[in-house]
Amino acid sequence: MEQIWLVLLLTIRVLPGSAQFNGYNCDANLHSRFPAERDINVYCGVQAITMKINFCTVLFSGYSETDLALNGRHGDSHCRGFINNNTFPAVVIFIINLSTLEGCGNNLVVSTIPGVSAYGNTTSVQIGNISGYIDTPDPPTIISYLPGLLYKFSCSYPLEYLVNNTQLASSSAAISVRENNGTFVSTLNLLLYNDSTYSQQLIIPSIGLPLKTKVFAAVQATNLDGRWNVLMDYCYTTPSGNPNDEIRYDLFLSCDKDPQTTVIENGRSQRGRFSFEVFRFVKHKNQKMSTVFLHCVTKLCRADDCPFLMPSSGTSSQYDSFDNGGNFVLIQEDFVHSQVPVGDTLFLRKYW
């Protein structure tokens, strides 16, 4: 949830805006003011965090784009932003690549919260929070007639998925704070393969697959920063595309698994792998083909943390429905699933 604070401690007189906006896409009537809560936008992306700061209010405050830098690193050109004058108003853009986020002093904190997941099993959910600030340098003098600008930002990434602020302070300090949520779910795919080499994706014939055919599945992360590994927590099947279907069959949940299911790799890389055998749902007894949908609750964890998040045993494997209430600690859920038509033959298609 986005939170915004606005504090104005004092006001300073500066030059008229029209004298400072020359050549930039600004409006003196709108931007002859100090920064406000609407002057910073933070986009928490999969590969990068992007921040856009209203450059017009920076100019009005008496600064240029070279005066703004990440986390006080004013001597490092890599920690500065760049101007985009093709928008209204003109903005200064800062881009933080998640693969090198510590380079300019940004902070990553991963917290682990114990709780109960949406499916009733005890779990530990990790949340990655990336934070930092953009500021102007302190003058080398005892006093200054310019406001000091300070923009604080934060992006939180919940690290469990179902595979599916501008505070302004004084002219002594103009502080902008923005906190947003991001998600890595767009980097996750659930893929099906022919055999244990995982080299060729499964192509289903029109007549389906024979019962007891072994299918190899993988939850794969792509274009994701290498610090995160994939940890499959719970994979199950339903006879419909609804992941909340009251009829479901679990392939594995914590340490409990179907006898025909083998977990091959989990929590050791950016791919989790398992295999299972084709079956049919009894409710499809009057149909030529039985359709099976595959769903996986998946976590992302740092390599050193994954062993401590591995599932523990002792949870029942059948659940009647999806409970979206209660006190479990999942902040965000999305779905990644694969449609598996099975019949007396199993017929599989990828499905989002």
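The values are calculated or read from the model by the stated rules, or taken from the named source; none is laboratory data. Since the model is a prediction, treat every value here as computed from it, not as a measurement. Quick reminder, even Gly has a Cβ in these numbers, built from the backbone with ideal geometry, and neighbours come from all protein chains shown. Side chains included, ligands, DNA and RNA excluded: accessible areas come from the protein's heavy atoms. Shrake-Rupley method; radii C 1.70, N 1.55, O 1.52, S 1.80 Å.
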Filter the stretch 140-198 for residues that are assigned to a loop (DSSP other than H, G, I, E, B), open to solvent by less than 20 Å² (accessible area, probe 1.4 Å) and at pLDDT below 85 and give the result. Leu159, Val163, Asn165, Thr166, Leu168, Ala169, Ser170, Ser171, Gly182, Phe184
With the checklist (1) part of a loop (DSSP other than H, G, I, E, B); (2) modelled with pLDDT of 85 or more; (3) not aromatic (Phe, Trp, Tyr) in hand, flag the one item Arg273 doesn't pass. (1)
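Can Val282 be described as over 20 Å from Asn194 (Cβ atoms), modelled with pLDDT of 50 or more and of a type in the set (A, V, I, L, M)?
yes
Could you list, in sequence order, the residues of the stretch 30-69 that are of a type in the set (A, V, I, L, M) and closer than 27 Å to Thr187 by Cα?
Across the stretch 30-69, the qualifying residues are Ile40, Val42, Val46, Ala48, Ile49, Met51.
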Filter the stretch 49-72 down to the residues that are within 18 Å of Asn107 (Cα to Cα) and surrounded by fewer than 16 Cβ atoms within 10 Å (Cβ to Cβ) and list them by number. Thr50
In the stretch 202-219, which residues are open to solvent by 20 Å² or more (accessible area, probe 1.4 Å) and either modelled with pLDDT of 90 or more or in contact with a helix residue (DSSP H, G or I) (Cβ under 8 Å, 6 or more places away or on another chain) (or both)? Lys214, Phe216
Checking Val92 against (1) over 13 Å from Ile134 (Cβ atoms); (2) modelled with pLDDT of 95 or more: exactly one of these is not met. Which one? (1)
